[in-house]
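Single-structure report; data block below.
The values are calculated or read from the model by the stated rules, or taken from the named source; none is laboratory data. Everything numeric in this text was worked out from a predicted model, so none of it was measured. Cβ coordinates were reconstructed from backbone atoms using ideal geometry, including for glycine residues, and neighbour counts include every protein chain displayed. Surface areas here come from the heavy atoms of the whole protein model, side chains and all, with no ligands, DNA or RNA. Shrake-Rupley method; radii C 1.70, N 1.55, O 1.52, S 1.80 Å.
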Amino acid sequence: DVMDIEVKPKRPRPHWYECHVQPCVAELLGSALFIFIGCLAVVEDSGGTGRLQPALAHGLALGVTIAVLGDI
């Protein structure tokens, strides 16, 4: 009965790329997309939208960034 204990295998240690490089690349791509879309929304602002167009553009850019890069 003592020998019936299940031993779980150790989880392999993540590669250095997954620990250091991948999060930095995700941050760079996410920030670039967020800033680029936000700036374009302000530059291409039509007169009647006011603050709504940049706010929606930032929100949609953030949603797309999370959907694409959320697994990292």
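The long axis of helix 52-69 is offset from the longest Cα principal axis of the chain by roughly 20 degrees.
With protein chains left intact and a 1.4 Å probe, residues in the chain average 90 Å² of accessible area per residue.
Surface composition of segment 16-70: carbon plus sulfur atoms hold 73% of the accessible area, using a 1.4 angstrom probe and ignoring ligands, DNA and RNA.
Treating r as the C-beta distance of residue 8 and residue 60 and R0 as 35 Å, the FRET efficiency rounds to 0.25.
Along its principal axes, the chain has C-alpha extents of 78, 26, 12 angstrom, given from the largest down.
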